[in-house]
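Step one of this worksheet: look at the structure below.
The values are calculated or read from the model by the stated rules, or taken from the named source; none is laboratory data. For clarity, every value in this text was computed on a predicted model and none was experimentally measured. Cβ placement follows ideal geometry from the backbone for every residue including glycine, while neighbour counts extend to all protein chains displayed.
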Amino acid sequence: MSIDFTLARHVATLTINRPERMNAMDAAHYKALSDAWLRVRDDPEIRVAIVTGAGEKSFSAGADLKSFVNAQPALSETLLTQKDQLLNRGLEVWKPVISAINGYCVGGGMTLMLASDLRIAAEHATFSVAEVKRGIFPGNGGTQRIAQQLPHAIAMELLLLGDSIDAQTALRWGLVNRVVQPSALMETALAFAHRLARNAPLAVQAAKELAIRSRDVDLATGLRLEQIMLRLLQGTEDVVEGTRAFAEKRQPEFTGR
C-alpha cells in the first residue's frame with residue numbers, strides 16, 4: 001500500500017497503489033500523495049506528471065470512507081488551510097498533469113481527475129460523484145470544477161443525481177481527451193507526456209498558469225498578465241534555442257532556462 005513514484009525522461013508517474021480497496025485513500029495515502037505532488041511541483045527535472053491507479057479496475061474511489069468514520073478532525077486542523085495540500089485541493093502545480101484512468105473514477109478520484117489537464121480513459125472506465133447518496137457532497141473542488149468544466153445542466157445532473165457515466169459519455173461531454181483499450185492506456189498517456197516534455201518547460205508552465213488564472217480575473221487583467229509573462233520569457237535561453245532550431249530545421253533541445 002503506497003503512492004508509487006517513478007521518474008524517467010522528465011516524466012513523473014504517480015500510482016495510487018491500493019488495488020485491494022479500489023485505490024481508495026485513507027489519511028496516510030492522502031499524506032503520501034500530497035508529498036508526491038510537492039515533489040512534482042518543486043523538482044526541476046520533472047516537466048510532466050501522470051497519475052493513475054494500480055491494477056485494472058480502478059483509478060481511484062477517492063476517500064476510504066470507512067477509515068474516516070468517527071474520525072472527524074479537530075477544528076484546528078480545518079483551519080490549517082495549507083497543510084498536506086493536494087492537486088485538487090488548491091496546490092498550485094503548473095507542470096502539466098495527465099490522468100490515466102484505468103477503471104472506476106469516482107468521488108475523490110473524479111475530483112482528482114478534474115484537477116488534471118489531460119485525461120486518457122480506458123474503455124471500461126466509469127465516472128461519478130455520488131457523495132449526495134451518502135449524505136455529503138464532492139469536496140476538494142468537486143462542486144467547483146464540475147461547474148467550470150461542464151455545461152450547467154450536465155454539471156447539475158452529475159452533482160445532484162450522483163449517477164455514473166461511462167467512458168464514451170465522458171468523451172462526448174468533454175471530460176476526457178481520449179478513450180482507448182486498457183492495454184493502450186499507459187502507452188497513450190506516456191506518448192502525450194513525452195510530447196509535452198519536449199516543449200519548452202517554462203513556456204508550458206506559463207501557459208498553464210495563465211489559463212488557470214484566467215478563471216479568476218477579467219479579460220483586461222488576463223491580457224496584461226500575458227504581456228508581462230511573454231516579456232519575461234523573451235530573455236530565456238529556451239527562446240534562443242527555439243528560434244535557432246526553427247531556422248536550422250531541427251528539434252529544439254530545451255533546458256528550462
Taking A170, is it touching a Cys at 6+ places or on another chain (Cβ under 9 Å) and in the same structural domain as A121 (by TED's automatic domain parsing)? yes
Do we have any residue at all in region 146-154 that's surrounded by 15 or more Cβ atoms within 10 Å (Cβ to Cβ), over 20 Å from the mean Cα position of the chain (by Cα) and assigned to a helix (DSSP H, G or I)? yes
Every listed condition ((1) free of Cβ contacts under 8 Å to residues at least 12 places away in the same chain; (2) assigned to a helix (DSSP H, G or I); (3) among the β-branched types (V, I, T)) holds for V40 save (1)
Identify the single condition in (1) closer than 29 Å to A8 by Cα; (2) in a loop (DSSP other than H, G, I, E, B); (3) β-branched (V, I, T) that T243 does not satisfy, given that it satisfies every other one. (2)
Set A211, A193, A155: member being among the hydrophobic types (A, V, I, L, M, F, W, C) and either in contact (Cβ under 8 Å) with a residue 12 or more places away in the chain or touching a Gly at 6+ places or on another chain (Cβ under 9 Å) (or both): A193
Please go through region 8-40 and give me each residue that is over 22 Å from Y104 (Cβ atoms), modelled with pLDDT of 95 or more and touching a strand residue (DSSP E or B) at 6+ places or on another chain (Cβ under 9 Å), ordered by number. H10, V11, A12, R39, V40
Scanning region 192-206 for residues that are among the aliphatic types (A, V, I, L, M) and surrounded by fewer than 17 Cβ atoms within 10 Å (Cβ to Cβ) gives none
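If you check R215 against the conditions, is it out of contact with any strand residue (DSSP E or B) (no Cβ under 6 Å at 6 or more places or on another chain), farther than 20 Å from I46 by Cα, at pLDDT 95 or above and not assigned by TED's automatic domain parsing to the domain that holds V40?
Working: out of contact with any strand residue (DSSP E or B) (no Cβ under 6 Å at 6 or more places or on another chain): yes; farther than 20 Å from I46 by Cα: yes; at pLDDT 95 or above: no; not assigned by TED's automatic domain parsing to the domain that holds V40: yes.
In short, no.
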Residue, farthest from the chain's Cα centre (by Cα), within region 164-222, restricted to residues that are more than 21 Å from V106 (Cβ to Cβ) and in a loop (DSSP other than H, G, I, E, B): D218
Can you list residue pairs whose Cβ atoms sit under 8 Å apart, with the first residue in region 120-131 being within 14 Å of E56 (Cα to Cα) and the second being surrounded by 22 or more Cβ atoms within 10 Å (Cβ to Cβ) and of a type in the set (D, E, K, R)? Count only pairs 6 or more apart in sequence or on different chains. none
Among the hydrophobic types (A, V, I, L, M, F, W, C), within 27 Å of K83 (Cα to Cα), surrounded by 16 or more Cβ atoms within 10 Å (Cβ to Cβ) and under 18 Å from the mean Cα position of the chain (by Cα): is that true of I120 in this structure? no
Given the criterion buried (at least 17 other Cβ atoms within 10 Å of the Cβ) and at pLDDT 95 or above, identify the matching residue among T169, T188, T221. T188
Condition test on A245, is it of a type in the set (G, A, S) and closer than 21 Å to G103 by Cα? no
Could you grab me the full set of residues in region 132-141 that are free of Cβ contacts under 8 Å to residues at least 40 places away in the same chain and buried (at least 19 other Cβ atoms within 10 Å of the Cβ)? P138
Can you work out which of the residues in region 54-97 that are among the basic types (K, R) and surrounded by fewer than 14 Cβ atoms within 10 Å (Cβ to Cβ) is modelled with the highest pLDDT? K83
